[in-house]
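The values are calculated or read from the model by the stated rules, or taken from the named source; none is laboratory data. Because the structure is a prediction, the values reported are computed rather than measured. For neighbour counting, all protein chains shown are included, and Cβ atoms are generated from backbone atoms with ideal geometry for every residue, glycine included.
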């Protein structure tokens, strides 16, 4: 059965729209440590939709401006290169690719959960004194951790809705309900995406192991454990919804390793919600 699922998932991924040329270029430019706001300005200015989103965000985020910001380079400086990169990537992956499939759960809420997990992972990492130069890895891994739910929900829509209902009714983690109803879970389908998109490395490992952290023996345990906590934060604090109202508690080993307890969740809630609202402004929704 899993072979048939893998084939269906690969077909679904193949039919997904690819990233726009602008988004690819934004990622390429931002991944260069020598990039300046002017370099990013040259790329964004060629895409009127992305440019409008950036200006919409800056003018919404800064209410005290005496006049609207219309200069793209100034907007990028005020927002920060990483903020612009994250918003562009979020739009490309979790809005443009996921918007059409909403049977099992609401995709807008799924997007909020994913983005909230990314922001929370970054905040938890910062609280743990992770170097600023590595924080974006935590964000991207958190953003994409549940991406396997998109094709799973699409290719088995009715069954996926049944799995969500089972998880809710029996108060179990969704990945367990997926396995019982579908015979596979979103980590399985996520792994197929990892292979198809060549996401091997930290992002791929987080997608694959975020529900089996203690089995992981690779080099990215810090990010994996952080995303696991951020994922639970988003579920417990009801930041969006990814079909999982009753996530499993974190293993004591994870809590001991991170040295950050769930009693800190309240510290992150308002910041995460504000960042999500900024993202909605960016997207014009």
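Matching residues to (1) at pLDDT below 85; (2) under 30 Å from residue 82 (Cβ atoms); (3) not assigned by TED's automatic domain parsing to the domain that holds residue 220:
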| site | (1), (2), (3) |
| --- | --- |
| 112 | no, yes, no |
| 118 | no, yes, no |
| 145 | no, yes, no |
| 156 | yes, no, no |
| 165 | no, no, no |
| 180 | no, no, no |
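Residues in segment 122-149 that are over 12 Å from the mean Cα position of the chain (by Cα) and free of Cβ contacts under 8 Å to residues at least 60 places away in the same chain: 126, 129, 131, 132, 133, 134, 135.
Out of 101, 132, 96, one residue alone is in contact with a helix residue (DSSP H, G or I) (Cβ under 6 Å, 6 or more places away or on another chain) and either buried (at least 20 other Cβ atoms within 10 Å of the Cβ) or modelled with pLDDT under 90 (or both). It is 101. Scanning segment 194-210 for residues that are in contact with a helix residue (DSSP H, G or I) (Cβ under 6 Å, 6 or more places away or on another chain) and under 17 Å from residue 11 (Cβ atoms), we see that the one that is surrounded by the most Cβ atoms within 10 Å (Cβ to Cβ) is 194.
Okay, residues lined up against (1) crowded, with 20+ Cβ neighbours inside 10 Å; (2) closer than 18 Å to residue 138 by Cβ:
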{"site": "228", "(1), (2)": "yes, yes"}
{"site": "235", "(1), (2)": "yes, yes"}
{"site": "239", "(1), (2)": "yes, yes"}
{"site": "245", "(1), (2)": "no, no"}
{"site": "251", "(1), (2)": "no, no"}
{"site": "258", "(1), (2)": "no, yes"}
{"site": "272", "(1), (2)": "yes, yes"}
{"site": "277", "(1), (2)": "no, no"}
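Apart from one condition, residue 233 fits all of (1) under 21 Å from residue 126 (Cβ atoms); (2) without any contact (Cβ under 8 Å) to a residue 40 or more places away in the chain; the exception is (2). Residue check: residue 137 meets all listed conditions (1) buried (at least 24 other Cβ atoms within 10 Å of the Cβ); (2) in a helix (DSSP H, G or I) but one, namely (1). Applying the criterion of being closer than 11 Å to residue 88 by Cβ and part of a helix (DSSP H, G or I) to the residues of segment 30-50, the residue that is modelled with the highest pLDDT is 40. Of all residues in segment 46-73, those satisfying the criterion of being surrounded by 14 or more Cβ atoms within 10 Å (Cβ to Cβ) and within 24 Å of residue 32 (Cβ to Cβ) are 47, 50, 51, 53, 54, 55, 57, 58, 72, 73.
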